[in-house]
Structures are given as C-alpha cells and as structure tokens.
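**Q** Shown below is the structure under consideration.
The values are calculated or read from the model by the stated rules, or taken from the named source; none is laboratory data. As the structure is a computational prediction, the values presented were derived from the model and not from experiment. When we count neighbours, we look across all protein chains shown, and the Cβ atoms used for this are built from the backbone with ideal geometry, even at glycine. Surface areas here come from the heavy atoms of the whole protein model, side chains and all, with no ligands, DNA or RNA. Shrake-Rupley method; radii C 1.70, N 1.55, O 1.52, S 1.80 Å.
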Amino acid sequence: MEKDVLILAIESSCDETAAAVVKNGRTVLSNIISSQIALHTLYGGVVPEIASRRHIEKINQVIEEALREAQVRLGDLDAVGVTYGPGLVGALLVGVAEAKAIAYAAGLPLVGVHHIEGHVSANYIENSELKPPFLCLIVSGGHTHLVKVKDYGVYEIVGRTHDDAAGEAYDKVARAIGLGYPGGPKIDRLAGEGNPAAIPFPRARIEGSPFDFSFSGLKSAVLNYLNSCEMRGEEINRADVAASFQQAVVDVLTGRTMAAAQEFGMKRVAIAGGVASNSALRSAMARACAEGGLEFYHPSPVLCTDNAAMIGAAAYYEYRKGVRSGLDLNAVPNLKIGER
Ligand code: KG4
Ligand code: ZN
C-alpha cells in the first residue's frame, strides 16, 4: 500500500484567508476559512490593500487552527501547497511568503498551485469516483471557462468569456439594484421571490464560437431596464429583475455546457467556482445532465467559494507528478490556466 500524503494548503488570492490539511488529495482533515466579507462590504467590493493587510494579520492563526483541527504537526506533513496566481498580487504574496517560510523551516517540498485548477479539483473531494476525463464549467468572480479536464492538471480550454465573468455580472447587477457586496449570494436569495420569466433579458451568442460567453450586454440590458423604469416613474420589482437576470445567466451557462459535452463526447460534467454554489445553476445543470444521460458533479457550496481544501486537492496531483516549486516562487497575478 502506498504511504499517505499529507499536504498543508494555503489560499490568500482574494478576500478569504484559508488553510487546510488534506490527505491523498481527497480527504479533508481540516478546512479553515477566515472571510473578510464584512470588512469589504463597507466599500462595496474588495479593497486590495485592505485584503493584504488582513491576510497578514490572520494567516498564522488560520494555519495553526488548520493543523490543530487535523491533529497534525509540521513534521507529519509531506508538502506545503499554496495558491500563487491568479489573484490580487499583494494578497497572493502573503500566502506565498508564508508557505515558503514554512517549507524552508520544516524542510518540506513546496508546490505552487493555480487558483482555478484548485476550484476544478474541489470536485475530487466529495466525489471519490470522479476521475478525468470530464468537462468542467468554471464560473468565479474573475473567470468563466469551459474546460476539458483531460487528466489530473491537464486542461484544454474549449470556451471562455469575451468580457465579464459570470460572478462579475452578478456583482455588478447586485450593485445596480442596491443589494451591495457580495452580489452573487444576495441575487440568488432574492431571485427565489421573483418571476424568472418577467423580463426578457438577452442571451448573447458569440458568432463562430459556440462555447464562448459574453455577459456585458446582459449587464447593460439590466441597467437600461432600470433606467427606463425610473424615467417612466415605474416602480422596480427587484425580485423579478434578480430572477430574470439569473435565468438568463443560467440558461446560457447550462446550454453551452450541454452543447460542449455533446460536441466533445464527454459523459461527465462538473461545475466549479463561486457561482457554482448558485442554487438555480445547480438545479438547472442537474436537470439538463439527467435529461442528457450525463453524470453531474458539483462541490458543496463551501468548497465552491474560495477555500484551501481545493488547493490541497490540486497540490496533491501536482506533487504526485513530481512538481516542486523553488523558494524563489513568486505571485503571478494573471497566471493562465494550464501554465506553470
Ligand atoms: O470563486 P470565488 O469565491 O472567487 C474567485 O475566485 O473569484 O467566486 C466569487 C464569485 C463572486 O462574484 C460571487 O458573487 C459569486 O462568486 N458567488 C455567487 C454565489 N456565491 C458566490 N454567484 C451566484 N450565486 C451564488 N450563490
Ligand atoms: Zn476563487
């Protein structure tokens, strides 16, 4: 039997300071998340410098808690995994510097992890039977991609957004209807009280790129709708706006994912990223996959939004392939998927 591999994983790319201990890429021994949401809500969005400063204050405490809850000492670990991009540079540097210090002091190998590959790998944690190949829809605050996961850590992008990411559209529309930050969960909740067929918002297609996305036209359509209601002195039903906007996003995400699965003959479909915790998207994808005879995978909501357990899962498969980062590892704010 192979020896267990224990990885301490660290994530600080945006507004969550997180650490986890993960065994063999799939068993989460601890998953500690210190969220900064309350802090950034005051400003209506993430303030990069405030995020970095809060990471510095919290990171040691979060790591100590992750080790304590997992009942693991540094000497028991096999490697340290850390997100080194993409994300906010000052935020990433806190996690990267911390991981390097621990790896150096404890004599452990260091494995730099791509944040988005972490989101994809969140699917391995609760689905022990899931193995590549599968198709994954990645929908976060900064990314909207359809990727073929050909093997562990091997990706081929088959669709991408030409402008806003899905999460970005949620956040902008939430601000426009006065819901504030963070927009996604607030729209998700309010949409439950509205009529998704009330307002015919557009479902944009990209000429010649059947698996690509565009959300900026949808965002403008919502803003135009709000303006014209205001000019006519009509009261705005915010729940109907939220529900109709959400339906447009979900229709496009689900439709294009199903079309790609069919085109590329993929039998398994997964979703990943913060927007993958959206209740309407989860049920629409589950329905579409059932109708199409496809297996559908999704992480629990807490593993969809930023966390370090997913970084531990991705780090494990890189570690197994022999990937090691040097102590000169740096933050790469615009790291592309599949790049090292
Ligand atoms: O993956 P994530 O936590 O951070 C990034 O890597 O960007 O994603 C954050 C995004 C935000 O835009 C947030 O509004 C959105 O995910 N989000 C949601 C929901 N929960 C978070 N969007 C729709 N419905 C949700 N329930
Ligand atoms: Zn993320």
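**Q** Round to a whole number: what % of the accessible area of region 9-63 belongs to carbon and sulfur, probe 1.4 Å? Walk me through the numbers on the way to the answer.
**A** Numbers: 1210 of 2240 Å².
Heavy-atom surface of region 9-63 belonging to carbon and sulfur, 1.4 Å probe: 54 percent.
**Q** Modelled label-to-label distance, Arg73 and Lys3, 7 Å Cα→beta-carbon offset: nm?
**A** The answer from the label model is 1.7 nm.
**Q** I've got another one for you. How much net charge surrounds Ser121 when only other residues with a Cβ under 10 Å from its Cβ are counted (Lys, Arg +1; Asp, Glu -1)? Spell out each step's value before the answer.
**A** Numbers: positive: Arg26; negative: Glu117, Glu318.
Local net charge: -1.
**Q** Another question, then. So what are the ³J(HN,Hα) numbers for region 194-202, from phi and the Karplus equation (6.51, -1.76, 1.60; θ = phi - 60°), rounded to whole Hz, Gly and Pro as x?
**A** x, 9, x, 9, 5, 10, x, 6, x
**Q** Sum -39500 (n - 2.57) across every DSSP H segment of at least 4 residues in the chain, then divide by the residue count to get the 222 nm mean residue ellipticity, nearest 500. Could the numbers behind the result be given before it?
**A** Numbers: 11 runs with 150 residues, N = 340.
Result for the chain: -14000 deg cm²/dmol, rounded to the nearest 500.
**Q** What list of ³J(HN,Hα) values in whole Hz, one per residue of region 274-284 in order, does the Karplus curve 6.51 cos²θ - 1.76 cosθ + 1.60 (θ = phi - 60°) give from phi, with Gly and Pro shown as x?
**A** For region 274-284, the Karplus-derived couplings read x, 5, 5, 7, 5, 5, 5, 5, 4, 6, 5 Hz, x marking Gly and Pro.
**Q** Moving on. Using a 7 Å offset from the Cα along the Cα-to-Cβ direction at both Arg287 and Glu156, what is the distance between the two label points in nm, to one decimal?
**A** 3.2 nm
**Q** Across region 229-242, in residue order, what do the Karplus-derived ³J(HN,Hα) couplings come to in whole Hz, using 6.51 cos²θ - 1.76 cosθ + 1.60 with θ = phi - 60° and x for Gly and Pro?
**A** So the J values, rounded to whole Hz, are 4, 4, 5, 7, x, 8, 6, 9, 8, 5, 5, 5, 4, 4.
**Q** Give me, ordered by chain and number, the residues 5 or more places off Gly81 or on other chains with an amide H under 5 Å from its own placed amide H.
**A** Excluding prolines and chain starts, which carry no amide H, the hits are Leu8, Ala9, Ile10, Val111.
**Q** If you put +1 on each Lys and Arg Cβ and -1 on each Asp and Glu Cβ, how big is the dipole of the chain around its Cα centre, in Debye rounded to 20?
**A** Numbers: 32 positive and 38 negative charges, 77 e Å.
Computed charge dipole of the chain: roughly 360 debye.
**Q** Same structure again: I need the calculated FRET efficiency for the pair Glu295 and Ile206, taking r as the beta carbon distance and R₀ as 30 Å, to the nearest 0.05. Walk me through the intermediate numbers first.
**A** Details: r = 28 Å, r/R0 = 0.92.
Efficiency, rounded to the nearest 0.05: 0.60.
**Q** Angle between the Cα long axis of helix 166-176 and the longest principal axis of the chain, 0 to 90 degrees, nearest 10?
**A** Taking the Cα atoms of the chain, the angle to 166-176 is about 50 degrees.
**Q** To the nearest 10 degrees, how steeply does helix 115-126 sit against the main Cα axis of the chain, on a 0 to 90 scale?
**A** That works out to roughly 80 degrees.
**Q** Let me ask something else about it. Would you mind calculating the relative contact order of the chain from Cα pairs under 8 angstrom and at least 6 residues apart, reporting the percent as a whole number?
**A** Numbers: 753 pairs, mean separation 84.3, N = 340.
Taking the mean separation of contacting Cα pairs over the length of the chain, I get 25 percent.
**Q** For region 1-88, rounded, prolate or oblate, judged on the Cα gyration tensor with a ≥ b ≥ c (square roots of eigenvalues), a/c < 1.5 rounded, else prolate if a/b > b/c?
**A** prolate
**Q** Let me ask another. With both bridge residues required to lie in the chain, what share of the DSSP beta bridges run antiparallel, to the nearest 5%? Write down the numbers at each step before the final one.
**A** Numbers: 27 of 44 bridges.
The antiparallel proportion sits near 60 percent.
**Q** Evaluated at 37 °C with a viscosity of 0.692 mPa s, what Stokes-Einstein diffusion coefficient in µm²/s does region 210-317 have when Rh comes from the Kirkwood expression over alpha-carbon pairs?
**A** Details: Rh = 16.0 Å.
Roughly 205 µm²/s, to the nearest whole number.
**Q** Same structure again: Over 25 Å apart: what share of the alpha carbon pairs of region 5-146 falls there, rounded to a whole percent? Mind showing how you got there, number by number?
**A** On the way: 2713 of 10011 pairs.
Every Cα pair in region 5-146 considered, those over 25 Å come to 27 percent.
**Q** So who's got an amide H within less than 5 Å of the one on Val158, skipping anything under 5 residues away but keeping other chains? H placed 1.01 Å off N, in plane.
**A** Residues meeting the criterion, in which the H sits 1.01 Å from N, are Leu146, Val147, Lys148.
**Q** When a/c is below 1.5 the answer is rounded, else prolate if a/b is larger than b/c, else oblate, so apply that to region 128-215 with a ≥ b ≥ c taken from the square roots of the Cα gyration tensor eigenvalues.
**A** Values: a/c = 2.25, a/b = 1.68, b/c = 1.34.
It comes out prolate by the Cα gyration axes.
**Q** Packing-wise, with mean Cβ within 10 Å as the measure, how do 38-44, 165-171, 297-303, 241-247 rank, highest first? Provide the component values of the computation, followed by the final result.
**A** Details: 38-44: 12.3, 165-171: 26.1, 297-303: 18.6, 241-247: 24.6.
The peptides rank, most packed first, as 165-171, 241-247, 297-303, 38-44.
**Q** At a Förster distance of 30 Å, what's the computed FRET efficiency of Ser128 paired with Asn60, Cβ-Cβ distance as r, to 0.05? Spell out each step's value before the answer.
**A** Working: r = 32 Å, r/R0 = 1.08.
Once the sixth-power term is evaluated, E becomes 0.40.
**Q** Could you please state, rounded to a whole Å, how far the C-alpha centre of region 87-145 is from the C-alpha centre of region 178-242?
**A** So the separation of the two Cα centres works out to 31 Å.
**Q** Which entries in the list Lys148/Lys172; Lys23/Lys172; Lys23/Lys100; Lys23/Lys186; Lys219/Lys336; Lys23/Lys58 go over 27 Å, if you measure between the two C-alpha atoms of each? Show your work: numbers first, answer last.
**A** Working: Lys148/Lys172 29 Å; Lys23/Lys172 38 Å; Lys23/Lys100 20 Å; Lys23/Lys186 34 Å; Lys219/Lys336 25 Å; Lys23/Lys58 24 Å.
Violating the 27 Å Cα-Cα cut-off are Lys148/Lys172; Lys23/Lys172; Lys23/Lys186.
**Q** Lys and Arg at +1, Asp and Glu at -1: add these up for the other residues within a Cβ distance under 12 Å of Tyr297 and post the number.
**A** Numbers: positive: Lys131, Lys267, Arg268, Arg282; negative: Glu126, Glu129, Glu295.
Neighbourhood net charge equals +1.
**Q** Please list, in chain and number order, the residues 5+ apart from Ser30 or on another chain whose amide H is under 5 Å from its amide H, with Hs placed from the backbone.
**A** For Ser30, the qualifying residues are Val21.
**Q** Per 10 Å bin, what is the whole-percent P(r) computed from every C-alpha pair distance within the chain?
**A** For the chain, the binned pair fractions read 6, 26, 32, 23, 10, 2, 0, 0 percent.
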